[in-house]
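Have a look at the structure below, then the notes.
The values are calculated or read from the model by the stated rules, or taken from the named source; none is laboratory data. Keep in mind that what you see is a predicted model, and the values were worked out from it rather than measured. For neighbour counting, all protein chains shown are included, and Cβ atoms are generated from backbone atoms with ideal geometry for every residue, glycine included.
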Amino acid sequence: MSPITCHCFYVLLIMTNSFQGWSQFAQFTIAVGNLDPKKVKYSDTLHKFWKKEHDWGWKKFMELSKIQDGFLVNDVLEIIAQVQVIREKVDRPFRCLERPYRRELLRVYMTNIEQIYRRFVEEHRSKLSNLIEDKMRWSGFCAFWLAIDTSTRYRMSREKSDVILKIIVKHFFVEKEVTSTLVMDSLHTGLKALEHQCRGKKGW
């Protein structure tokens, strides 16, 4: 016999000014409190709400029989919900979380974020190594690059920042992946550090 599950948990996003084709990203955490902080039951998710998916949640959150294991205290079940609507800004293409919410999630997902960056670096390092090891392709590229004038090389090796940022966001922001907003935040922090460094060099 399958275990009895606790009630479903859903988050409902209501658009006060809904319009044709609307969509909105939101990140949320649902938790059930426990006398032992280490046993708190929680789930995090990131979802893009739109006309046909204006609610989202978990059909199976926890087994009903486990509620007596420190969750139900004096006939009171503590349910904690944290929701952040992620608004996109023209001057900030990265979809980031507010600081308190981000700090809580980082404690859980820091290792996952490090693995995402490590895979990205290793994948592109491998591609570059394969290109260099392929003597024919590498020599052909070097001949092409050295044959063009300096100004053309300069133009080819540069791109507008907004174009680059859109490509980065497209690569690293994976819908329904709870770590996506945390990755966006670290990229945003890195971008601000580079901008600050560039302004410092211009001031020398």
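Out of region 157-170, which residues are within 25 Å of Thr45 (Cβ to Cβ) and free of Cβ contacts under 8 Å to residues at least 40 places away in the same chain?
Hits for region 157-170 are Ile168, Lys170.
Collect the residues in region 124-168 that are under 22 Å from Leu187 (Cα atoms), at pLDDT below 90 and in a helix (DSSP H, G or I), keeping them in residue-number order.
The answer is Ser161, Asp162, Val163, Ile164, Leu165, Lys166, Ile167, Ile168.
In region 150-188, which residues are surrounded by 10 or more Cβ atoms within 10 Å (Cβ to Cβ), within 22 Å of His124 (Cα to Cα) and of a type in the set (Val, Ile, Thr)?
Across region 150-188, the qualifying residues are Ile164, Ile167, Ile168, Val169, Val174, Thr179, Val183.
Restricting the first residue to region 29-43 and requiring it to be in a strand (DSSP E or B), which pairs with a second residue that is of a type in the set (Asp, Glu) and surrounded by fewer than 15 Cβ atoms within 10 Å (Cβ to Cβ) meet a Cβ separation below 7 Å and a spacing of at least six or different chains?
Short answer, once both residue conditions are applied: Val32/Glu78.
Search region 42-79 for residues being more than 22 Å from the chain's Cα centre (by Cα) and closer than 30 Å to Phe173 by Cβ, and hand back the single one that is surrounded by the fewest Cβ atoms within 10 Å (Cβ to Cβ). Break it down into steps so the answer makes sense when it comes.
Filtering region 42-79 for residues more than 22 Å from the chain's Cα centre (by Cα) gives 51-52, 59-79.
After this cut, where a residue has to be closer than 30 Å to Phe173 by Cβ as well, the list is 51-52, 59-62, 79.
On the way: Lys51: 12, Lys52: 5, Lys59: 8, Lys60: 11, Phe61: 17, Met62: 19, Ile79: 11.
So the residue we want is Lys52.
Can you pull out the residues in region 96-114 that are polar (S, T, N, Q) and in contact (Cβ under 8 Å) with a residue 60 or more places away in the chain?
Taking region 96-114 first, the residues polar (S, T, N, Q) are 111-112.
Hit for region 96-114 is Asn112, nothing else.
Among (1) in contact (Cβ under 8 Å) with a residue 40 or more places away in the chain; (2) touching a Lys or Arg at 6+ places or on another chain (Cβ under 7 Å), which single condition is Leu131 missing?
Looking at each condition in turn, Leu131 falls short on (1).
Name the one entry in Arg95, Arg102 that is modelled with pLDDT of 85 or more and surrounded by 10 or more Cβ atoms within 10 Å (Cβ to Cβ).
On the way: Arg95 fails: modelled with pLDDT of 85 or more.
From the options Arg95, Arg102, the qualifying one is Arg102.
Given (1) outside any helix (DSSP H, G or I); (2) free of Cβ contacts under 8 Å to residues at least 24 places away in the same chain, where does Lys176 come up short, assuming only one miss?
Against the list (1) outside any helix (DSSP H, G or I); (2) free of Cβ contacts under 8 Å to residues at least 24 places away in the same chain, Lys176 comes up short only on (2).
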